[in-house]
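Asker: Mind looking over this structure? Questions follow.
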Amino acid sequence: MQFQQLQYFVAVAETRHFTRAAELTHVAQPSLSQQIKALERELGADLFLRARGNITLTDAGEALLPLARRILADADTARHEVQELAQLRAGRVRLGATPSLCTGLLPDVLRAFHDRYPGVGLVIEESGSHDLVRDLARGALDLALVVLPLPTPSPALTTVELLREDLVVVSSPEAPAPGGGEGRRTVRVADLERERLVMFRHGYDLRELTVAACRAEGFEPDFAVEGGEMDAVLGFVRAGLGVAVVPRMVAARSGRGLRVTPLARPGLHRTIALAHRSDVAPPRAARELQRMLLER
């Protein structure tokens with residue numbers, strides 16, 4: 001008994017038509033008929049009653065049909081499981097993240113993932129949440145770390161909240177402390193009116209959040225430098241060009257040469273979520289990375 005013969009048998013049983021079954025299984029109708037006859041000879045029983053325009057199952061055919069379906073289903077499951085395992089030995093995961101998360105959250109998780117699955121390549125796309133949402137929707141990414149709320153809510157994406165992160169103010173230790181006092185443990189958003197800010201480029205979630213917070217306090221922020229990526233912003237702050245509002249994780253990782261001052265309550269926060277397309281399940285390797293991020 002051959003696997004292919006069972007496929008042909010099930011196709012005929014479901015369509016009750018040899019020609020349509022041949023089309024469904026992409027084989028010539030005479031070949032399909034020959035394979036069915038070979039199966040009947042091997043089993044020693046007719047599987048179909050053949051009358052012009054009327055194909056019905058015999059008792060033997062009725063008995064074989066659920067078994068054949070189970071065998072085919074088990075074969076599909078086996079194929080799927082092997083492919084899933086193979087994806088953890090090779091392949092790639094395409095992950096999008098905002099630059100601040102690439103600096104703060106991802107290095108430790110990606111190192112752990114690489115240690116466990118060294119054959120899986122990691123492709124990282126750094127961008128703002130708006131661009132990452134667009135890339136997810138068009139299938140250019142498997143997963144993305146984005147800032148909530150999404151710039152344009154999309155029903156085609158599933159998001160799972162990952163963490164809520166405090167923002168802090170970083171400044172050069174050589175410059176006066178932000179807020180005007182060395183003894184102060186915190187600084188208020190309102191105090192930033194007296195500071196010159198090193199500001200990220202347009203499209204950065206942190207830029208939009210900081211500017212919105214300043215405007216909520218009734219002032220427009222004064223930019224000493226603007227347009228940089230995360231590493232550039234931190235470098236300009238170290239050089240004493242101004243202060244910047246950055247995630248606490250970034251400040252902790254990049255604290256050398258920086259003064260870190262928390263924001264007074266209620267402070268500023270951002271919510272990070274892991275997103276993927278709702279209509280397409282991520283590949284096995286991407287799902288494993290997703291699990292490690294959620295369990296970090």
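Asker: Give me the one-decimal Kirkwood hydrodynamic radius in Å for the stretch 160-243, with the sum taken over alpha-carbon pairs. Before the final figure, lay out the partial values.
Answerer: Numbers: mean 1/r = 0.0742 Å⁻¹.
It is 13.5 Å.
Asker: Something else: Does anyone have the angle between helix 284-294 and the longest principal axis of the chain? Alpha-carbon axes, 0 to 90°, nearest 10?
Answerer: Compared with the principal axis, the helix lies near 40 degrees.
Asker: With angles folded into 0 to 90 degrees, how steeply does helix 106-116 sit against the dominant principal axis of the chain? Use alpha carbons for both and round to 10.
Answerer: For helix 106-116, the angle is close to 40 degrees.
Asker: If you don't mind, another one. With the chain treated as a Gaussian network of Cα nodes joined by springs under 10 Å, which of Pro282, Pro107, Pro266 yields the largest mean-square fluctuation?
Answerer: Ranking Pro282, Pro107, Pro266 by mean-square fluctuation puts Pro266 first.
Asker: Identify the residues of the stretch 19-36 with backbone N under 15 Å of a label point that sits 7 angstrom from the Cα of Met1 along the Cα-to-Cβ direction, or state none.
Answerer: In the stretch 19-36, the label zone of Met1 (backbone N under 15 Å from the point 7 Å along Cα→Cβ) covers 36.
Asker: In whole Å, how far is the Cα centre of the stretch 115-145 from that of the stretch 1-69?
Answerer: The two parts, judged by their Cα centres, are 46 Å apart.
Asker: Then there's this: Per the helix-only calculation at 222 nm, which mean residue ellipticity applies to the chain, given -39500 (n - 2.57) for every DSSP H run of n ≥ 4 and division by its residues, nearest 500 deg cm²/dmol?
Answerer: Working: 11 runs with 129 residues, N = 296.
The helix contribution divided over the chain gives -13500 deg cm²/dmol.
Asker: Charges only on Cβ, +1 for Lys and Arg, -1 for Asp and Glu: so what's the dipole of the chain about the Cα centre, in debye to the nearest 20? Kindly include the intermediate steps, with their values, before the conclusion.
Answerer: On the way: 37 positive and 37 negative charges, 48 e Å.
So the dipole magnitude of the chain works out to roughly 240 debye.
Asker: Another question, if that's okay. Dipole magnitude of the stretch 52-204 about its Cα centre, charges +1 at Lys/Arg Cβ and -1 at Asp/Glu Cβ only, in debye to the nearest 20? The partial results should precede the final answer.
Answerer: On the way: 18 positive and 21 negative charges, 45 e Å.
About 220 debye.
Asker: Within the stretch 126-160, list the residues whose amide N lies under 16 Å from a label point set 7 Å along Cα→Cβ of Met292.
Answerer: Only 142-145 pass the distance filter.
Asker: Listed highest first by mean packing, meaning other Cβ atoms within 10 Å per residue, what order do 269-276, 76-83, 184-191 come in?
Answerer: 269-276, 184-191, 76-83
Asker: Could you work out which residue, out of Asp74, Asp166, Asp222, moves most in a Gaussian network model of the chain, that is, has the largest mean-square fluctuation with Cα springs under 10 Å?
Answerer: Maximum fluctuation in the GNM of the chain, among the listed residues, is at Asp74.
Asker: Any idea which of Leu65, Gly44, Ala264 is furthest toward the positive side of the dipole for the chain, if Lys and Arg beta-carbons carry +1 and Asp and Glu beta-carbons -1?
Answerer: Gly44
Asker: Further question on the same structure: Note the angle between two axes, namely the Cα long axis of helix 29-43 and the longest principal axis of the Cα atoms of the chain, as a number of degrees from 0 to 90, rounded to the nearest 10.
Answerer: Taking the Cα atoms of the chain, the angle to 29-43 is about 70 degrees.
Asker: List the residues, sorted by chain then number, that are 5 or more residues from Glu226 or on another chain and whose placed amide H is less than 5 Å from its amide H.
Answerer: The answer is Met199.
Asker: What's the long-distance tail for the chain, i.e. % of Cα pairs beyond 30 Å? Don't skip to the answer; put the middle values down first.
Answerer: Values: 23206 of 43660 pairs.
More than 30 Å apart: 53 percent of the Cα pairs in the chain.
Asker: What list of ³J(HN,Hα) values in whole Hz, one per residue of the stretch 221-232 in order, does the Karplus curve 6.51 cos²θ - 1.76 cosθ + 1.60 (θ = phi - 60°) give from phi, with Gly and Pro shown as x?
Answerer: x, 9, 8, 7, 9, 9, x, x, 8, 4, 4, 5
Asker: Oh, and also: Short version: ³J(HN,Hα) in whole Hz for each residue of the stretch 234-241, in order, from phi by Karplus 6.51 cos²θ - 1.76 cosθ + 1.60 (θ = phi - 60°), x for Gly and Pro, what are they?
Answerer: With coefficients 6.51, -1.76 and 1.60, one gets 5, x, 5, 5, 4, 6, x, 6 Hz.
Asker: Something else: Taking 1 over the mean of 1/r across every pair of different Cα atoms in the stretch 138-290, what Kirkwood radius in Å do you get?
Answerer: Computed over the stretch 138-290, the radius equals 16.8 Å.
Asker: Could you grab the relative contact order for the chain? Cα pairs under 8 Å, six or more apart, rounded to a whole percent. Working shown, then result.
Answerer: Values: 469 pairs, mean separation 62.7, N = 296.
Once normalised by length, the contact order is 21 percent.
Asker: Another question, then. Picking from Ser154, Ala286, Ala213, whose Cα lies most toward the positive end of the charge dipole for the stretch 140-296 (charges on Cβ: Lys, Arg +1; Asp, Glu -1)?
Answerer: In the stretch 140-296, that residue is Ala286.
Asker: Determine the equivalent ellipsoid of the stretch 1-111 by diagonalising the alpha-carbon gyration tensor, then write out the semi-axes as square roots of 5 times the eigenvalues, largest first, rounded to whole Å. Walk me through the numbers before you get to the answer.
Answerer: Working: eigenvalues 459, 43, 26 Å².
Over the Cα atoms of the stretch 1-111, the ellipsoid semi-axes are 48, 15, 11 Å.
Asker: Ok, one more. Compute a Gaussian network model of the chain, connecting alpha carbons closer than 10 Å, and tell me which residue from Gly61, Gly235, Gly179 fluctuates the most.
Answerer: Gly61
Computed from the coordinates by the stated procedures, all read-outs in this text should not be read as laboratory data. These numbers were taken from a predicted model, which means no experiment stands behind them. A quick note on method: Cβ atoms are made from the backbone with ideal geometry, for glycine too, and the neighbour counts reach across all protein chains shown.
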